[in-house]
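Student: What follows is a structure written as structure tokens; I'll ask about it next.
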Amino acid sequence: MISYVNKLGTVRVGDSNPVRIMGILNTSPESFYKKSITVSNQKIIDAVYRMKEEGADFIDVGGMSTAPYLSTTVSEKIEASRIVNAVKIIQRLTNLPISVDTCRASVAKKALELGVDIINDITGLKYDVMMPKIIEQYCPSLILCAYGRKIITGNQLQETTYLLKKSLDIAKSAQIPKTKIVLDPAIGFFRKKGIGSFFTKTNLDWAKRDLLILENLRSIGLSMPLLISVSNKSFIGKILKKEKLLDILAGSLTAEVVCIMNGANIIRTHNVGETKEIIRISKAGFTKS
């Protein structure tokens, strides 16, 4: 049971609070899920209005794809430019808390200077040595993902919990209270091999690892709220034997239901409206509200 009254931005999360929805806004044309890409200003505007109308509690902005199976790295200048443009548009259209998906300190700083509420670091503050200093300076809410530089060969659940705990320790050293932190077990980012520096090597089949984590969410949470992002992730395509991610909406929503019933507090998704509906069904009588 979660022992903290947590807030992500201005929104209460975890414990007896409702399952929240974080809508994904990709401004990187390199993104693995082409349907989610919003490069032009008008597409960003349309996406923000849609997510707001469909019931998003947060909007998560990304300016660089970090899919471990794609070569998608761009310069910090390009990533920052994309994010700054999108953040300014969002702020004109809505008061929803904004999360910025970056592991680079210079990019986070530019976003935080604009008043962004949340930093979503897929490396749990471990990639950029300057990130903890920037975080300490601005004191945002944090989403900390499981990430490590050494290959994971032991118990996947225990090792994931250990990696999350190490990120919590870094956040503590940066003076961020636990009440402003949410944890993410990093579905899709544990691989035997990959491209770039934004994934954790594991000796276990990546799909099996992800399924094991989803089945045991409550055992890795460290009494903290959990954010889960399974929307259009490749393990779903692998299970369904479908290569085209546009064909796995039903699988994505089913995986989200599993996450909710296993204790997820926030669902990060490309499909805000559909996710809102499955949360209502999941909480209607099958699980405790």
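Student: Across segment 201-249, which residue is farthest from Ala264 (Cα to Cα) among those that are open to solvent by less than 30 Å² (accessible area, probe 1.4 Å), of a type in the set (Gly, Ala, Ser) and assigned to a loop (DSSP other than H, G, I, E, B)?
Tutor: In this case the residue turns out to be Ser231.
Student: To continue, here is another question. Suppose we filter segment 250-278 for residues that are assigned to a helix (DSSP H, G or I) and either open to solvent by 20 Å² or more (accessible area, probe 1.4 Å) or free of Cβ contacts under 8 Å to residues at least 12 places away in the same chain (or both); how many remain?
Tutor: As a first pass, look at segment 250-278 and keep what is assigned to a helix (DSSP H, G or I): 250-261, 272-278.
Those still in the list that are either open to solvent by 20 Å² or more (accessible area, probe 1.4 Å) or free of Cβ contacts under 8 Å to residues at least 12 places away in the same chain (or both) too: 250, 253-254, 257-258, 261, 274, 276-278.
The number of residues fulfilling the criteria is 10.
Student: I need every pair where a residue in segment 191-210 that is in contact (Cβ under 8 Å) with a residue 60 or more places away in the chain has its Cβ under 6 Å from the Cβ of a residue that is among the basic types (Lys, Arg), sequence separation at least 6 or different chains.
Tutor: Final answer for the pair search is Phe199/Arg191.
Student: Moving to a separate point now. Counting only residues that are among the aromatic types (Phe, Trp, Tyr) and either closer than 16 Å to Asp205 by Cα or open to solvent by less than 40 Å² (accessible area, probe 1.4 Å) (or both), how many does segment 145-173 have? Quick ask: steps written out before the conclusion?
Tutor: Initial filter on segment 145-173 (among the aromatic types (Phe, Trp, Tyr)): 147, 162.
Narrowing the set further to residues that are either closer than 16 Å to Asp205 by Cα or open to solvent by less than 40 Å² (accessible area, probe 1.4 Å) (or both) leaves 147.
Counting residues in segment 145-173 that are among the aromatic types (Phe, Trp, Tyr) and either closer than 16 Å to Asp205 by Cα or open to solvent by less than 40 Å² (accessible area, probe 1.4 Å) (or both) gives 1.
Student: Taking the conditions exactly as written (under 23 Å from Thr153 (Cα atoms), at pLDDT below 95, out of contact with any helix residue (DSSP H, G or I) (no Cβ under 7 Å at 6 or more places or on another chain) and open to solvent by less than 60 Å² (accessible area, probe 1.4 Å)), does Gly188 satisfy them or not?
Tutor: Details: under 23 Å from Thr153 (Cα atoms): yes; at pLDDT below 95: yes; out of contact with any helix residue (DSSP H, G or I) (no Cβ under 7 Å at 6 or more places or on another chain): no; open to solvent by less than 60 Å² (accessible area, probe 1.4 Å): yes.
The answer is no for Gly188.
Student: Among the residues of segment 13-21, is any surrounded by fewer than 22 Cβ atoms within 10 Å (Cβ to Cβ), touching a Gly at 6+ places or on another chain (Cβ under 9 Å), modelled with pLDDT of 95 or more and closer than 22 Å to Ile279 by Cα?
Tutor: Checked against the condition, which is being surrounded by fewer than 22 Cβ atoms within 10 Å (Cβ to Cβ), touching a Gly at 6+ places or on another chain (Cβ under 9 Å), modelled with pLDDT of 95 or more and closer than 22 Å to Ile279 by Cα, segment 13-21 yields no hits at all.
The values are calculated or read from the model by the stated rules, or taken from the named source; none is laboratory data. No experiment lies behind these values; they were computed from the predicted model shown. Glycine gets a Cβ as well: all are built from the backbone with ideal geometry, and neighbour counts include every protein chain shown. We work out accessible area using only protein heavy atoms, side chains counted, and drop any ligands, DNA or RNA first. Shrake-Rupley method; radii C 1.70, N 1.55, O 1.52, S 1.80 Å.
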